[in-house]
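Each remark here refers to the structure printed beneath this line.
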Amino acid sequence: MKPIRHPSRPPRGPAALVVAAGAALLAGCGASTPGTNSVSDAEWQALAAPRPTPLPGAVRLALAQVELLGEPAWPAEAGVPASLGVAELIAAGLLRRADVHYVERRRFSAAVEAERAGRRPRGAPPAGVSPGAEISASVVWVPLGAGGGSLEVRLTDVASGRVVQTQRSLIPSDVEPVGVARAAVGTILRALGTVGRRPAWSDPLAGTAPDEYVASGVPSRALASFATGIGAEERWRWEAARAAYQAAAASGGFFEAEAALARTARLRLGGTLGES
């Protein structure tokens, strides 16, 4: 597949949905931010851990949409909708892996549209060039009552539009966002393995992509900091995003916050949305 450059017409279908969601968050996010002090470029460099190099055979995977029909609790004061928050948790969980090549889609598409219209926000990184996704994953969580719910992952071949795999996991109805995101990552990986699109990889961290829902143990204050980081990063407020993600990661075991922090540092230092 050829690299995707700036499109000649607006995206349609799922791409239009993610562009609209990104624009809504950019326009309306009211996340509060912790007190921040600027750090040196040397400190930013230390935070900018490189992305893992994808293994041979790792599929280029994008998130099409995340839909929570019964939304789990999410820090309301951060101004970030639960569906977008869980989508960012899933993205961070995929971003650190070598057995998939995660392709940023939502923010990349929004950035392309902004650049084409001549309204690139101040401080925003360039869109760059995307490698293009081979498979897109959609995630839907539906509470079923009686203490349970269904987490469905659907994989779609981007070139043909054909659904190539659907996997479902039963999870409790009383869940928290980090656990939902990790269960979604595990279900995505299981679906990729079913269609032979996941190379073998030994994850150095345990419990990052469980086969079934497991409560993460991430404290609510860390989740609130992560949500604040999302809001700041979406508005390209680098120092606020850094401080929030660092506060989230300080709780320990919150590897999604560490992945988001490294991505923020790469973008702050000149990376592009198509590469970082």
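The values are calculated or read from the model by the stated rules, or taken from the named source; none is laboratory data. Given the structure is predicted, the values throughout are model-derived calculations rather than measurements. Cβ: placed from backbone, ideal geometry, glycine included. Neighbour counts: every protein chain shown. To get the accessible areas, we keep the full protein, side chains included, count just its heavy atoms, and leave off ligands, DNA and RNA. Shrake-Rupley method; radii C 1.70, N 1.55, O 1.52, S 1.80 Å.
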Suppose we keep only residues that are among the aliphatic types (A, V, I, L, M) and not in a strand (DSSP E or B) within segment 141-163. Which one would you say is farthest from Leu192 (Cα to Cα)?
Ala146
Taking segment 151-195 and keeping residues out of contact with any Lys or Arg (no Cβ under 9 Å at 6 or more places or on another chain), β-branched (Val, Ile, Thr), open to solvent by 40 Å² or more (accessible area, probe 1.4 Å) and under 15 Å from Arg60 (Cα atoms) leaves Val195
Mind counting the residues in segment 237-249 that are among the polar types (S, T, N, Q) and crowded, with 24+ Cβ neighbours inside 10 Å?
0
Which condition from (1) touching an Asp or Glu at 6+ places or on another chain (Cβ under 9 Å); (2) part of a loop (DSSP other than H, G, I, E, B) is the one that Leu170 breaks?
(2)
Failed criterion for Arg221 (all others in (1) surrounded by fewer than 22 Cβ atoms within 10 Å (Cβ to Cβ); (2) in contact with a Lys or Arg (Cβ under 8 Å, 6 or more places away or on another chain); (3) over 30 Å from Pro56 (Cβ atoms) hold)
(2)
Hey, Arg198 hits all of (1) in contact (Cβ under 8 Å) with a residue 40 or more places away in the chain; (2) in a loop (DSSP other than H, G, I, E, B); (3) out of contact with any Lys or Arg (no Cβ under 7 Å at 6 or more places or on another chain); (4) closer than 21 Å to Ser83 by Cβ but one; which does it fall short on?
(4)
For segment 131-150, which positions are open to solvent by 40 Å² or more (accessible area, probe 1.4 Å), in contact with a strand residue (DSSP E or B) (Cβ under 7 Å, 6 or more places away or on another chain) and among the hydrophobic types (A, V, I, L, M, F, W, C)?
Val142, Leu144
Which of the residues spanning segment 250-265 are crowded, with 21+ Cβ neighbours inside 10 Å and not hydrophobic (A, V, I, L, M, F, W, C)?
Glu256, Arg263, Thr264
Might you check whether a residue that is buried (at least 16 other Cβ atoms within 10 Å of the Cβ), aromatic (Phe, Trp, Tyr) and touching a strand residue (DSSP E or B) at 6+ places or on another chain (Cβ under 7 Å) occurs anywhere in segment 200-215?
yes
Just a yes or no: is a residue in segment 98-112 in contact with a Phe, Trp or Tyr (Cβ under 9 Å, 6 or more places away or on another chain), charged (D, E, K, R) and open to solvent by less than 10 Å² (accessible area, probe 1.4 Å)?
yes
Scope segment 225-236; condition in a helix (DSSP H, G or I) and open to solvent by 20 Å² or more (accessible area, probe 1.4 Å); matching residues
Ser225
